[in-house]
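Asks: Got a structure here, written out as structure tokens. Questions coming.
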Amino acid sequence: VKPMTPRCIVPKAVPVGKSASLHCHENEGYPKSTYSWYRNSEPLSPDTKSNAKLHNSSYTLNPATGTLVFHAVHKGDTGRYSCIATNDAGFAKCEEQEMEV
């Protein structure tokens with residue numbers, strides 16, 4: 001079963017240095033969906049160490065739960081965030097939401 005449009009929860013504004021949790025979830029898809037996050041239409045890698053552009057970012061992305069946690073946000077984390085739920089039957093994307101730091 002193709003995933004439904006996931007419900008994305010993105011904080012509107014987060015003070016610099018504070019933590020922020022972004023959530024993405026849908027429960028219609030079978031098999032269970034995996035989740036990927038995008039900032040300004042660029043995919044966020046679950047592995048920040050391997051991507052030179054992201055090595056300053058301090059976030060944890062859990063593809064199984066759809067949770068994206070920033071441990072200490074900085075100005076560069078400001079942007080439009082969206083999430084895609086994917087399984088064998090297809091994918092669905094939530095609307096982009098702005099997060100300001």
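Asks: I need the full set of residues from region 67-84 which are open to solvent by less than 10 Å² (accessible area, probe 1.4 Å) and of a type in the set (Val, Ile, Thr), in order please.
Replies: 73
Asks: Continuing with the same structure: Tell me which residues, restricted to region 23-42, are open to solvent by 50 Å² or more (accessible area, probe 1.4 Å), in contact with a strand residue (DSSP E or B) (Cβ under 6 Å, 6 or more places away or on another chain) and not β-branched (Val, Ile, Thr).
Replies: Selection gives 23, 25, 31, 38, 40.
Asks: Can you tell me which residues in region 57-66 are under 23 Å from residue 13 (Cβ atoms) and either open to solvent by 20 Å² or more (accessible area, probe 1.4 Å) or touching a helix residue (DSSP H, G or I) at 6+ places or on another chain (Cβ under 6 Å) (or both)?
Replies: Result: 57, 58, 60.
Asks: Please go through region 1-51 and give me each residue that is in contact with a Leu (Cβ under 6 Å, 6 or more places away or on another chain), in contact (Cβ under 8 Å) with a residue 60 or more places away in the chain and in a loop (DSSP other than H, G, I, E, B), ordered by number.
Replies: Result: 10, single match.
Asks: Something else: List pairs: first in region 72-101 and in contact (Cβ under 8 Å) with a residue 60 or more places away in the chain, second acidic (Asp, Glu) and open to solvent by less than 10 Å² (accessible area, probe 1.4 Å), Cβ under 8 Å, 6+ apart or cross-chain?
Replies: Qualifying pairs under 8 Å: 99/77; 101/77.
Asks: In region 12-22, which residues are closer than 23 Å to residue 34 by Cβ and either out of contact with any Pro (no Cβ under 6 Å at 6 or more places or on another chain) or open to solvent by 50 Å² or more (accessible area, probe 1.4 Å) (or both)?
Replies: Of everything in region 12-22, those that are closer than 23 Å to residue 34 by Cβ and either out of contact with any Pro (no Cβ under 6 Å at 6 or more places or on another chain) or open to solvent by 50 Å² or more (accessible area, probe 1.4 Å) (or both) turn out to be 21, 22.
Asks: Provide a single number: the residues in region 85-101 that are hydrophobic (A, V, I, L, M, F, W, C), open to solvent by 20 Å² or more (accessible area, probe 1.4 Å) and either part of a strand (DSSP E or B) or out of contact with any Lys or Arg (no Cβ under 8 Å at 6 or more places or on another chain) (or both).
Replies: 1
The values are calculated or read from the model by the stated rules, or taken from the named source; none is laboratory data. Values in this document were obtained by computation on a predicted structure and should not be read as measured data. We place every Cβ from the backbone using ideal geometry, glycine too, and count neighbours over all the protein chains shown. Ligands, DNA and RNA are excluded from the accessible area calculation, which covers all protein heavy atoms including side chains. Shrake-Rupley method; radii C 1.70, N 1.55, O 1.52, S 1.80 Å.
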